[in-house]
1. Within the stretch 434-496, list the GluC sites (Glu not before Pro) lying in a DSSP loop whose Cβ has at most 10 other Cβ atoms in a 10 Å radius.
2. Placing +1 at every Lys and Arg Cβ and -1 at every Asp and Glu Cβ, with all other atoms neutral, what dipole size does the chain have around its Cα centre, in debye to the nearest 20?
3. How big is Rg to Rh over the stretch 269-406, alpha-carbon atoms, Rh as the Kirkwood inverse-mean-distance radius?
4. Amide H of I355 versus every other amide H placed in the peptide plane: which residues, excluding those fewer than 5 positions away on the same chain, fall under 5 Å?
5. If each residue of separation counts as 0.36 nm, what is the full-extension length gain between V81 and R247 once their alpha-carbon separation is subtracted?
6. Which residues in the stretch 202-219 place their backbone N less than 17 Å from a point set 7 Å from the Cα of Y20 along the Cα-to-Cβ direction?
7. Rounded to the nearest 10 degrees, what's the angle between the helix 538-550 long axis and the longest principal axis of the chain, both from Cα atoms, 0 to 90?
8. Which of T86, T541, I457 sits closest to the plus end of the dipole of the chain, meaning its Cα is farthest towards the positive end, when Lys and Arg get +1 and Asp and Glu get -1 on the C-beta?
Amino acid sequence: MPHDAARNKSWLRFHRIAAYSLLICVLVVAGAYGWRTLGQLRNGISDASGIEIESSDPQLFVLEYQRLRTSLARYVAGDPVVDHDTVVMLFDILWGRCETMQQGSFYGVLRDTIEVHNIARDILAVLHKTEDAVFELERDDRETAHAILAKLEPFDRRFTEYLIEFAGHRFGWMQEYRAGLARMVEKIDTLGPAILAPALALLTLLVFEARQARRAEAFVREREEESRYLACHDSLTGLANRVYLNRKLGEVLAAAARSGSDVALFALDLDGFKRVNDTFGHEMGDRLLGVVARRLSGLLGPNGLVARLGGDEFAVLMPDSANRERENVLALRIIASLEQPVMLDGRDLHVSTSIGIARFPQDADNVAELLGHADVALYAAKGEGKRTFCRFDRSMGEKIVRQKLVERGLRAALAADALEVHYQPQIRVADNVIIGVEALCRWRDPELGNVPPDEFIAVAEETGLILDVGRWVLAEVASTMASWPEALAGLEVAVNFSPVQFLFQDVCADLLEVADTHGLDLRRITLEITEGAMMRDTERTMDQLRNLREHGVDVAIDDFGKGYSSLSYLRKFPLNQLKIDRSFVQGIERDAEARAVIRGILGLASSLGLETVAEGVEDLAQLAFLRDERCTVAQGYLFSRPVPNEQLLDLIDCANKVPDGAAMVGSGI
Ligand code: C2E
Ligand code: MG
Ligand code: MG
């Protein structure tokens, strides 16, 4: 298609050039022809005036002849007005005229036909003969005068005949010239349309071209405006985009710096948007963003600006914000408005928003800083449990910067497959035998060094990266287990799962897939979840746990006693194990309350038929207490720190050879 369009275009261009060339040629030819005709006309006119002038010569000739004759006659007749000098002068004039008439000219050709020069020649002959007589002629010498006049007399008749003939010729010439001129005028008359027609065509073509050019220009202008609009606006929501916001912020801050006014920037992020996208698809997510954009625009006055920065991130700019109270009210109204469910295709979609607010000039003195600090405040708002807003505070900076670094590093580590899994043995308290391990994720960043899991798991949960981390850990554990020797076939592995995974993933489907890929027996897996997972979306979590239990997966509640410890979910959820939080274990020796809690948990577990694992066992006294209280499994530095797979294999090998394995394993502390 573009090929055809190009061919059409060049065809059109060729024809246009051809039309122009043809018209210009016609115009040039017509112009040249017109110029030539006008030249001919001019020559004709000048010829006609030449004939007029020249045709007066013979008349003057006759006149001068007659004046000589008359003056001669009057001279000898004694006329005092005519003296001898006059006669001589008139004689000379006639002489000169005769010579001129004889020499001939362009018009002499004409005169030749009537033989005027013959007359001139003959008169000149008479003048030659009478020259002396005329010059010496006395006033009373009538005889000589009559003799001279007699010699001239025959010319009277010849002159008369000549004048008659000349008049006839002159008339003929004039007729001829008039006809010639008429022909030229006719030519000029036809020349008019000949020049006018191509000129008009050329003009029409030019007008047409000008219109085309104007249209093309309008089209290009429209496209330019369109691309300028697209460059500054988000195509999905029609809101300003990041580029435009940055530019606008630059202008607004410069104006605020001049006028001394304040500027507020809100950074917004939707909570739960990913879930909508994952559950209902991106098309639904996009429509939801459109509704959010409309609600935000509706809440803001004409002076404010709403921008979409990408994904589910928005920004609200209040250029002249004198009053923090108004900002708070707006933030609360935004939170309330976005919390309202969005009805799409008969479904109620729920999202909420967290807002970070930074102000100019109090919190930042340039665009980048203001954007960065609003983002920092947003991060803090999310950390405070979402659905809230937070103002930037200088103390937030470092923590958030660290979180951002961790997030960036973790993404890179996932992409580079640079995470690791360490394994910490779990010991059966009754006989100190290693019956299982807990898989714990490890990450060493090239810049940040060893980042503790508590830190990066929290960031991963915050950013959604936990889904990838979880999948990676599971696959890694499964492939490691597949590599273990036959002797370890009974070793159970506890894997930590985040509540976020239960909310946004089908944990059971993931586990089944991994088990299938690596030939893993799911009965060897214990899934550790914290109490938080039970509190959120209980139905969804419970369904998945039930599913998992049906496939033989054990379920343990991690860090039990630390959180809400609601007894109701202990009954409701299909559990196998309670892991007593290490804060209680570590308080065994000095804290009676801790001992009481442990006893309580152990009693509860035993009555519910659950196994108990004591975490963080660091010394023999703690182990002795746990054994006395009939805790089934212990895990802690007393036995081993979490170690890489190869070390774990050595450690198990070693423990199996020594009768009191725990003491041996625990030698590392
Ligand atoms: P957790 O699941 O309660 O894991 C036990 C934590 O206690 C581990 O910390 C372990 O190193 C530590 N620990 C074990 N024995 C002792 C001891 O005797 N003394 C002391 N002071 N600490 C002991 P770690 O490895 O730093 O992990 C921290 C938390 O990070 C874990 O707590 C778990 O909630 C989370 N985590 C680690 N790996 C993963 C993972 O792959 N997925 C998820 N979702 N969370 C993970
Ligand atoms: Mg755990
Ligand atoms: Mg724990």
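The values are calculated or read from the model by the stated rules, or taken from the named source; none is laboratory data. As the structure is a computational prediction, the values presented were derived from the model and not from experiment. Cβ coordinates were reconstructed from backbone atoms using ideal geometry, including for glycine residues, and neighbour counts include every protein chain displayed. Note: areas computed on protein heavy atoms with side chains; ligands, DNA, RNA excluded. Shrake-Rupley method; radii C 1.70, N 1.55, O 1.52, S 1.80 Å.
1. On the way: sites: E438, E447, E455, E461, E462, E476, E486, E492; in loops: E447.
Sites meeting the loop and neighbour criteria: E447.
2. Details: 75 positive and 100 negative charges, 271 e Å.
I would put it at about 1300 debye.
3. Details: Rg = 15.2 Å, Rh = 15.6 Å.
Across the stretch 269-406, the Cα-based Rg/Rh ratio is 0.97.
4. Long-range HN contacts for I355: T388, F389, C390.
5. Numbers: separation 166, 0.36 × 166 = 59.76 nm, distance 10.99 nm.
Stretched out fully, the V81 to R247 stretch lengthens by 48.8 nm.
6. Correct set: 202-217.
7. 60
8. Sorting the options by dipole projection puts first T541.
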